C-alpha cells in the first residue's frame, strides 16, 4: 500500500489541496478516507513539487483538513470489464448498485480512453432504420454516428430515445433489393450480429432513470444493456466520470467483442454544469457563460468516442441527449456539441404544443453522414431527392404560413396555397406518428411521395425526373 | 552544458520544468521517461513552460525533461504528397503500424518521411554552375502529377562542386556546393521551423482566379490565387462540405488540407474519397496532389495549435517550387481555442472572451503567409499560396473575436447562413453578406479569358439579388399584388439565379463542378430570359403565369446538370428558344387583346 498523506490543507467545493506529497502524477487516481472511515475517489488535476490539487468524484461532505487521509493509487481511473457486464446496473462512479456481485474483470481499462487514429477509422455508411420518418428520411441515422437530441425541458426526448433504442435495426440485403420491408419491419436485421445498449444517466431525476430501466426490462433489452446511473441527488462531480465509464465499456464491447453498441447519454447539460463547477472552484478564467475555455475539447473527448474501426466488426453509435437552457441553440452546450457531433435531432416546442409526437423539426435538424447512407444499395434510389424536396417544401410552407398570418390566406397565390396545404399535411402525416409505430423506410418514403401530390410538378426541383415518373402517383 | 531539467508542475498539456537555463524559446524537448514531445513556450529564469503535444496523464514532478536543441520543424522532401499526418507531422499510417492498435498511444516516435525509399533524382544543374538560394538543383517525379523540385536551401549561394543524377534516399547527398564558408552538402531532405515563414523574392498582386467550380464563389465572390479567404458559419451550415469541395475541384496544383480540431470521420471521408476522385484537370486521383493533416478534436490540444503551422510550412515549400498551392484549414476557431487553452494554463491576462491578447497578431501572421510570389532563385519561378480558413463562431455570431480578427486580414468573406441550410439551399453562402475584394483584380482575367461581358453580367446578377431582398420586404408587408410587372419579373429572375444558378449539389457528379465558361453561359441564359420578357410584361393584362410556365424555364432549371461537353451548343439553342417562346407569347397575347377589342367593339 502506498503512503497515506494527512496533509490536506484546503478544501473548496470538490477540490482538495494536499501538501508535502511526493511522486504524484497528473491525472492519478486517489482514495480519500474521511475521519469517519468513509472512502471517496478523486483524481489529480495538478501535480506540483510537494503539492497536489485533487478533484473529488464524490461529495466532499464530511471531509476535514484534519484527519482526512489521502492515498495516491499510482494508476488512473480504471474500470474492470468482461462480457458479464451486460445486464448490470452501476452507480455513476462505477460501483454495482443492482445488488449483484462485483464484476470479475477480464481486463482493466483507463476510462479516459485513447484517441482513435483517424487513419484507422472506417467511414460510417450503414443505414439504421429507427422506424421514425423524420429521422429515417430526413436525418438518417448511420451506424457509428454520434447524433445528439437537442431538446428542452418538458419535451419528450426520453420517450424518443427509448423508441430509437427499441426500434433501431439495419435493413437486410433482401429488403434493399426488393425495396420493401419484411415482416412488417418488426424483425431484427442480421441475425448473427450482436447488439448492446449502454446507458449513462447524469443528474437526471429518479423517475427518468426508472423510465429507461423499465423500458429496457419491458422489451427484454435489459439483458444486453449496461446502465450507469447518476441521479440528481447523487454527487455532482461524479458525473464527470459517468459518460467516460459508459464509453469505456462501449469500446470494450464494440472493438473487442464485436457488439453493435448504442450509447445513450442523458443529460449532457448536467455533465457540462458539473464541469463548470469544478472549473469555478479552480478559479480558472471562464469562457462563455462561465463554462471553462476547454469545454469544446472536453466534450470532444466524449463525443469522438463513437464510430467504426477498420477491420473491427462492432460499432459505437452515440445518442447524447441535452436540454437546451431556454430552448436556446446558441447556448454554449448545444453550440459546442453541434460543432463536434455529426448533426443533431432538434425537438421543437411549437410542434410539441400542437400535439405532434415526435416533435422533430426538420429545420435545424441534420445528419451529416446521411449522404452516403441514402440511395441505392443503402435504402432506395429516390431517398436523397425526397429528403431535400420535403425539407425545402416544408420550409417554404412554414414561410407561407407566417405570411398568411399577416396578409390573410386569401392574398396567397395558388402555388403558395399549395405549399401551405403541404406543410399542414406534412406535420400531420409525416412528422406525427405513434410512440409504438415502427414505419419502414419504404413506408416513410411513400408518405413523402403522397405529400408531393399537393405541389405542382414544376415545383419538384429537388427530385430527379425519372424518380418522379416512377414514384409519383398519377393524379386522379 | 546541461541539457536536462526536472519537472516541477503538470497541469494538463502544460508542464513546467526547472533547471532549464539552456533552453531556447520554441525549442523541442522530450518530456518524462515516456519521451513525450513538447515545445518551450515561456522562460522564467531557470524555469521553462512547455506545451506538450501528447496526453500527460501519469506524468509527475521529478521526471526529466531533455533538450533537443532544435526548434519545432517539418521535414521537407519527396514523399510528402499523399501522406496523412497528425499535427506534428507524424504519419498516421506509421503510427498504426508501430502501435499495432487503432488508437494513438503516447510517446510513439515515427519519422515524417521514409528514410529507405529511393527516389529517382534528375540533376538539372551541373558542376561548375553558379547557384543561389532557391535555384532548382534537380527534380524528382514525386507523384504522377507533381514533379518535386529540389532547391538550394535558403541562405546558401555558391558554385556546384559536384552533382549527379541517380537513385537516392532523401538523406543521401545529391550535390555539394562551394560557398564562401566552405563546401556545403545538400540532400533532398531539408528542415524548416514551422513558426517562421519561408522566404521568397517578392510578393505579386494576385490577379488570376482560383477556379473552384462552385458557381457562387467563382462568379459572385471569387478568390485569387495567392489570396486569403474566410468561411465563417454556425454548425450545420456547410463549412466542411465547402472546404472539401474546394479541395477537390479548385485548380491549384497542390492541396494541403488541415483538419484542425474537427471530427475524425470527416478526415476518414477525405481519405476514402480522394484516392477515388479524379482531378478534373488531369484525370489522375486527387490524392496525388494532396497532403492531409489531421488533429481531430480529441487529439492533444497543443498539437492542434501546431497543426496549422505544420500545414502552411509544407504548403510554402511547394509554393517555392513554383506551384499554385491551396491550403484549407478547418477550422481555425479550434486553433484559436487551443491558443486560449494554453494561455489560460499559463495564467496570462486574457483579452476578449478569454482569448489571449495576441490572437489578432497570430491570426494575421498566419493569413499573411498566403500570397502570390516570385520565388527565390534566378529562374523566374512564380508560385502562389491561397489560404482558406473555416471559422466556427459560437452560436453563429460573427461579432466574436476569432471571426472579427480573421475578417481584418482576409479579403474574401463567404458567410454561411444556417437559414439557407435549413431550406437545404446549398452551398448555403449568403449572397447579401458575403464579399470578395478580388473582383477588381480579376476583372481583366475574366474579360480576356472568359467573355467580354462576364463582369457586367455579374454586376447585373448581384444587383438583382440585392433588389430581390428589398422587394421581398415589401411583399411581406403588402403581398405580391402590390408589385409592378417589372418588379415581379425581377423577383422571378432573382429566383432563377438563386435556384437554378447558385444552388449547387456537391454530391452530384456533373453539378459539383462548373467551368467558368459554363457559369458565364448559365448567367447569360437567365439574363436573356429577363431581357426578352421585359418587353412583354409591361403590356396590359399580361398574364404572368404564362411566362412562368414556359418550357424554356424548365430548361433553365436543368442547365446545371448539362455536361460540360457540348454545353456551348445547348446554350445557343436555349437562348434561341427563350427568345422564340417569349416572342410567341407576345404575339399570342397581342392577338388576344386584339380579339378583346373586337369583342368590346361588337358589344
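Structural remarks
- Annotation: residue B:500 fulfils all but one of (1) more than 11 Å from chain A (Cβ to nearest Cβ); (2) touching a residue at least 24 places away in the same chain (Cβ under 8 Å); (3) part of a helix (DSSP H, G or I); the unmet one is (1).
- Residue A:125, sole failed condition from (1) within 19 Å of residue B:273 (Cα to Cα); (2) more than 8 Å from chain B (Cβ to nearest Cβ); (3) not in a loop (DSSP other than H, G, I, E, B): (3)
- When the criteria are applied in full, residue B:212 meets the requirement of being more than 14 Å from every other protein chain (Cβ to nearest Cβ), out of contact with any strand residue (DSSP E or B) (no Cβ under 8 Å at 6 or more places or on another chain) and crowded, with 24+ Cβ neighbours inside 10 Å.
- Looking only at the stretch B:411-464, residues that are closer than 14 Å to residue B:520 by Cα and assigned to a helix (DSSP H, G or I) come to 16 in all.
- Test result for residue B:72, buried (at least 17 other Cβ atoms within 10 Å of the Cβ), touching a residue at least 60 places away in the same chain (Cβ under 8 Å) and away from chain A (no Cβ under 14 Å): yes
- Selection within the stretch B:465-479: residues that are in contact with a helix residue (DSSP H, G or I) (Cβ under 7 Å, 6 or more places away or on another chain) and under 23 Å from residue B:529 (Cα atoms). The member of this set that is farthest from the other protein chains (Cβ to nearest Cβ) is B:467.
- Listed conditions (1) touching a helix residue (DSSP H, G or I) at 6+ places or on another chain (Cβ under 9 Å); (2) assigned to a helix (DSSP H, G or I) are all met by residue A:435, apart from (2).
- When restricted to residues that are outside any helix (DSSP H, G or I) and out of contact with any helix residue (DSSP H, G or I) (no Cβ under 8 Å at 6 or more places or on another chain), the stretch A:78-95 contains 5.
- Scan of the stretch B:421-442 for residues that are over 16 Å from residue B:500 (Cβ atoms), without any contact (Cβ under 8 Å) to a residue 60 or more places away in the chain and within 14 Å of another protein chain (Cβ to nearest Cβ), ordered by number: B:422
- Scope the stretch A:190-238; condition closer than 30 Å to residue A:172 by Cβ, without any contact (Cβ under 8 Å) to a residue 40 or more places away in the chain and not in a helix (DSSP H, G or I); matching residues: A:190, A:191, A:192, A:220
- Within the stretch A:258-292, the set of residues being over 15 Å from residue A:45 (Cβ atoms) and more than 20 Å from the chain's Cα centre (by Cα) comprises A:258, A:285, A:286, A:287, A:288, A:289, A:290, A:291.
- Filtering the stretch B:143-157 to residues that are buried (at least 20 other Cβ atoms within 10 Å of the Cβ) and in a strand (DSSP E or B) leaves B:148, B:149, B:150, B:151.
- Set B:580, B:519: member being more than 37 Å from the chain's Cα centre (by Cα), more than 26 Å from residue B:480 (Cα to Cα) and outside any loop (DSSP other than H, G, I, E, B): B:580
- Selection of the stretch A:12-37 for residues being within 34 Å of the chain's Cα centre (by Cα) and either over 16 Å from residue B:62 (Cα atoms) or outside any loop (DSSP other than H, G, I, E, B) (or both) yields A:12, A:13, A:14, A:15, A:16, A:29, A:30, A:31, A:32.
- Hey, residue B:88 within 30 Å of residue B:272 (Cβ to Cβ), assigned to a loop (DSSP other than H, G, I, E, B), more than 12 Å from chain A (Cβ to nearest Cβ) and touching a residue at least 24 places away in the same chain (Cβ under 8 Å) or not: yes
- Residue satisfying all of: in the stretch A:284-310; more than 8 Å from chain B (Cβ to nearest Cβ) and part of a loop (DSSP other than H, G, I, E, B); surrounded by the fewest Cβ atoms within 10 Å (Cβ to Cβ) among these: A:291
- From the list B:75, B:70, B:42, the lone residue that is more than 26 Å from residue B:343 (Cα to Cα) and assigned to a strand (DSSP E or B) is B:75.
- All of (1) free of Cβ contacts under 8 Å to residues at least 24 places away in the same chain; (2) surrounded by 15 or more Cβ atoms within 10 Å (Cβ to Cβ) hold for residue A:429 with one exception: (2).
- For the residues B:17, B:23, the requirement of being under 17 Å from residue A:47 (Cα atoms) and either buried (at least 17 other Cβ atoms within 10 Å of the Cβ) or at pLDDT below 90 (or both) singles out B:17.
- Qualifying residue in the stretch A:459-472 (condition: under 28 Å from residue A:349 (Cβ atoms), in a helix (DSSP H, G or I) and in contact with a helix residue (DSSP H, G or I) (Cβ under 8 Å, 6 or more places away or on another chain)): no
- Residue A:44 vs. criteria outside any strand (DSSP E or B), within 18 Å of residue B:32 (Cβ to Cβ) and either in contact with a helix residue (DSSP H, G or I) (Cβ under 7 Å, 6 or more places away or on another chain) or at pLDDT 90 or above (or both): no
The values are calculated or read from the model by the stated rules, or taken from the named source; none is laboratory data. The model shown is predicted, which means the values in this text are computed figures rather than measured ones. All Cβ positions, glycine included, derive from the backbone under ideal geometry; neighbour counts span all protein chains shown.
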